[in-house]
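Engineer: Before we start, here is the structure in question, set down as structure tokens.
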Amino acid sequence: MNWDKRYPSIPDMEAAAAKRMPRFVHDYLVGGLGLEGAVSRNQAALQDVLLLPRYLSDARDVQLETTILGKTYAAPFGIAPLGLAGLLWPNAERILATAAQAHNVPYMLSTYGNISLEALKTETNVDAWFQFYPPEPADLETDLLQRAQNAGYNTLILTVDIPVATRRERDIRNGITVPPTFNLNTLWQMVTHPGWALRMLRMGIPEFETLKPYYPPGPSVTTSVKFIAEKMEGHITPQRFKRIRDQWPGTIVVKGILNPQDAQDYLALGADGLIVSNHGGRQFDAAPAAPTVLPMIRKAVGDDVLLMADGGVRSGLDIARLLALGADFVLIGRPFIYALAAMDKHGGNQVLWLLQQELQQALAQLGCDSVAKLPAFLFEPHD
């Protein structure tokens with residue numbers, strides 16, 4: 001199969017995914033909350049970022065390799081953590097982790113993933129980071145951190161932008177839970193999407209495998225929903241951050257930064273890096289997009305701080321835009337699920353290849369021979 005001809009861009013994969021996923025699953029993937037302004041703002045803000053080519057140059061040998069946190073990756077981007085990935089597309093985590101390992105980019109596993117943090121490390125050789133949603137009480141937090149350390153994770157992505165549960169109207173209408181509950185409507189959606197349904201049947205109904213050992217006794221749907229509602233919320237206060245920092249010997253990267261003061265404060269408390277993110281527009285509909293705040297945050301923290309960004313990326317050119325604005329590394333989420341829905345097991349490799357091709361071509365067109373030099377190509381018109 002000539003996947004490049006069939007799906008020459010991520011929007012082509014996105015269109016295929018809308019047809020091949022049950023609506024209740026697709027709605028969870030693409031949706032935000034409220035009027036979903038933050039979701040659309042993420043892509044619109046990227047499109048407003050312009051880069052200024054320099055044609056009197058020689059950039060035939062473009063270097064995409066990037067070194068962060070002491071490791072050199074083949075490209076300046078990785079696969080962002082995706083909660084419920086195994087519901088969105090069956091076996092998603094294993095497919096994507098295997099592809100990330102083959103392409104030498106990092107894979108980030110969510111606490112809300114449908115494979116346990118131990119199983120991912122046991123079954124793949126990928127350089128995996130663990131996205132940590134701290135539970136309460138403190139003994140659960142400690143146990144989860146110890147498990148991640150014992151499993152061989154070195155980088156912890158401490159996510160700070162979900163202090164309370166949100167009302168996502170699409171999910172409320174669809175009644176989506178994990179494990180999912182089914183009614184006549186959702187059952188009909190599955191019957192009419194047999195590719196997804198048959199793969200799900202083979203894999204089994206997904207659960208939050210990392211959190212499952214902590215559930216109280218009872219039916220799985222009831223206990224998982226109750227556990228998340230009671231144990232997985234709360235602000236990451238300075239005291240709570242210090243408690244986590246004291247227990248984690250590796251790297252801590254804080255995800256969900258939008259405010260320059262927050263950025264400075266988390267660094268002062270011991271963060272090793274930051275991810276500028278509005279959670280894909282899924283937590284607060286009035287949140288600014290990463291391109292809007294990234295230059296301010298870079299100015300506030302200085303040039304030497306590891307700064308990553310996500311949100312709305314649909315091409316290698318979008319990656320170049322975020323790098324030009326001051327990011328050192330870019331995380332990408334939804335496009336990988338679009339690719340799996342379009343191409344199943346081939347999707348991870350195809351989208352990673354495509355993004356590298358597009359990024360390399362963007363730099364060559366600019367006359368930029370290294371991703372580290374992209375900020376010099378940012379177009380900033382003066383009044």
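Engineer: Those residues that are assigned to a loop (DSSP other than H, G, I, E, B), in contact with a helix residue (DSSP H, G or I) (Cβ under 6 Å, 6 or more places away or on another chain) and more than 22 Å from Phe24 (Cα to Cα), I need them from region 94-125; list them, please.
Structural biologist: Thr124, Asn125
Engineer: Follow-up. Count, please, the residues in region 103-159 that happen to be on the phi > 0 side of the Ramachandran plot and of a type outside the set (S, T, N, Q).
Structural biologist: Qualifying residue count for the region: 1.
Engineer: Are any residues in region 230-267 of a type in the set (A, V, I, L, M, F, W, C) and farther than 15 Å from Leu306 by Cβ, and if so, which ones?
Structural biologist: If the condition is that a residue be of a type in the set (A, V, I, L, M, F, W, C) and farther than 15 Å from Leu306 by Cβ, then Met232, Ile236, Phe241, Ile244, Trp248, Leu258 are the ones that fit.
Engineer: Pick from region 188-208 the residues that are more than 17 Å from Lys345 (Cβ to Cβ) and in contact with a Lys or Arg (Cβ under 7 Å, 6 or more places away or on another chain): which of them is modelled with the lowest pLDDT?
Structural biologist: Of everything passing the filter in region 188-208, Gln189 is modelled with the lowest pLDDT.
Engineer: Taking region 8-40, which residues are over 23 Å from Phe284 (Cβ atoms) and of a type in the set (D, E, K, R)?
Structural biologist: If the condition is that a residue be over 23 Å from Phe284 (Cβ atoms) and of a type in the set (D, E, K, R), then Asp12, Glu14, Lys19, Arg20, Arg23 are the ones that fit.
Engineer: List the residue pairs whose Cβ atoms are under 8 Å apart, where the first residue sits in region 216-231 and is surrounded by 15 or more Cβ atoms within 10 Å (Cβ to Cβ) and at pLDDT 70 or above, the second is part of a helix (DSSP H, G or I) and not basic (Lys, Arg), and the two are 6 or more positions apart or on different chains.
Structural biologist: Cβ pairs passing all conditions: Phe227/Tyr214; Lys231/Leu140; Lys231/Tyr214.
Engineer: Restricting to helices (runs of 4 or more DSSP H) lying wholly in region 301-383: which have 3 or more residues that are over 15 Å from the mean Cα position of the chain (by Cα) and either hydroxyl-bearing (Ser, Thr, Tyr) or more than 23 Å from Leu258 (Cα to Cα) (or both)?
Structural biologist: 334-343, 347-366
Engineer: Moving on. Which one is surrounded by the fewest Cβ atoms within 10 Å (Cβ to Cβ), of the residues in region 24-36 that are part of a helix (DSSP H, G or I) and in contact (Cβ under 8 Å) with a residue 12 or more places away in the chain?
Structural biologist: First pass over region 24-36, keeping only residues part of a helix (DSSP H, G or I): 24-30.
Filter once more, keeping what is in contact (Cβ under 8 Å) with a residue 12 or more places away in the chain: 24-25, 27-30.
Details: Phe24: 21, Val25: 26, Asp27: 17, Tyr28: 22, Leu29: 23, Val30: 19.
For region 24-36, the residue satisfying everything is Asp27.
Engineer: Another question, then. In region 53-93, how many residues are among the charged types (D, E, K, R) and either part of a helix (DSSP H, G or I) or crowded, with 19+ Cβ neighbours inside 10 Å (or both)?
Structural biologist: Final tally of qualifying residues: 1.
Engineer: Follow-up question, since we're still on this one. Kindly indicate whether Asp161 is assigned to a loop (DSSP other than H, G, I, E, B) and of a type in the set (Asp, Glu). Before the answer, list the steps.
Structural biologist: On the way: assigned to a loop (DSSP other than H, G, I, E, B): yes; of a type in the set (Asp, Glu): yes.
For Asp161, the condition - assigned to a loop (DSSP other than H, G, I, E, B) and of a type in the set (Asp, Glu) - is met.
Engineer: Determine which single condition Glu358 fails, assuming it passes every other condition in (1) touching a strand residue (DSSP E or B) at 6+ places or on another chain (Cβ under 9 Å); (2) under 17 Å from Pro8 (Cβ atoms); (3) of a type in the set (D, E, K, R).
Structural biologist: Checking Glu358 against (1) touching a strand residue (DSSP E or B) at 6+ places or on another chain (Cβ under 9 Å); (2) under 17 Å from Pro8 (Cβ atoms); (3) of a type in the set (D, E, K, R), the one that fails is (1).
Yes/no matrix, rows are residues, columns are (1) buried (at least 24 other Cβ atoms within 10 Å of the Cβ); (2) of a type in the set (A, V, I, L, M, F, W, C); (3) touching a residue at least 24 places away in the same chain (Cβ under 8 Å):
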| position | (1), (2), (3) |
| --- | --- |
| Arg282 | no, no, yes |
| Leu306 | no, yes, yes |
| Leu322 | yes, yes, yes |
| Lys373 | no, no, no |
| Glu380 | no, no, no |
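Engineer: Would you confirm whether any residue within region 3-15 is in a helix (DSSP H, G or I), surrounded by fewer than 17 Cβ atoms within 10 Å (Cβ to Cβ), hydrophobic (A, V, I, L, M, F, W, C) and out of contact with any Asp or Glu (no Cβ under 8 Å at 6 or more places or on another chain)? Let's see the steps before the verdict.
Structural biologist: Initially, region 3-15 is screened for residues in a helix (DSSP H, G or I), giving 3-6, 10-15.
Okay, now just the ones that are also surrounded by fewer than 17 Cβ atoms within 10 Å (Cβ to Cβ), so 4-6, 11-12, 15.
Now restrict to residues that are hydrophobic (A, V, I, L, M, F, W, C): 15.
Next, only the ones that are out of contact with any Asp or Glu (no Cβ under 8 Å at 6 or more places or on another chain) stay: 15.
Yes: one or more hits.
Engineer: Same structure, new question: Give all pairs with beta carbons closer than 7 Å in which a residue from region 10-23 that is within 22 Å of Leu359 (Cβ to Cβ) meets a residue that is of a type in the set (Lys, Arg) and outside any helix (DSSP H, G or I); count only pairs at least 6 apart in sequence or on separate chains.
Structural biologist: Sorted first by the residue in region 10-23, then by its partner, the pairs are Ile10/Arg314; Pro11/Arg314.
Engineer: Give the residues of region 121-136 that are over 18 Å from Val253 (Cα atoms) and touching a Lys or Arg at 6+ places or on another chain (Cβ under 8 Å), sorted by residue number. Even if it seems obvious, please write down each step before you answer.
Structural biologist: Start the filter on region 121-136 by keeping residues that are over 18 Å from Val253 (Cα atoms), which leaves 121-126, 136.
The answer is Glu123, Thr124, Glu136.
Engineer: Give just the number: which of (1) within 24 Å of Arg240 (Cβ to Cβ); (2) part of a loop (DSSP other than H, G, I, E, B) does Gln146 not satisfy?
Structural biologist: Looking at each condition in turn, Gln146 falls short on (2).
So that you can scan it fast, the table gives a plain yes or no per residue for (1) buried (at least 18 other Cβ atoms within 10 Å of the Cβ); (2) at pLDDT below 85:
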| residue | (1), (2) |
| --- | --- |
| Gln101 | no, no |
| Val126 | yes, no |
| Leu140 | no, no |
| Arg167 | no, yes |
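Engineer: Taking Val293 as meeting all but one of (1) touching a residue at least 40 places away in the same chain (Cβ under 8 Å); (2) surrounded by 18 or more Cβ atoms within 10 Å (Cβ to Cβ); (3) within 30 Å of Arg321 (Cα to Cα), write down the number of the exception.
Structural biologist: Here Val293 clears every test but (1).
The values are calculated or read from the model by the stated rules, or taken from the named source; none is laboratory data. Just so it is clear, the structure is predicted and the values come from calculations on it, not from any experiment. Glycine also receives a Cβ, built like all others from the backbone with ideal geometry; neighbour counts cover every protein chain displayed.
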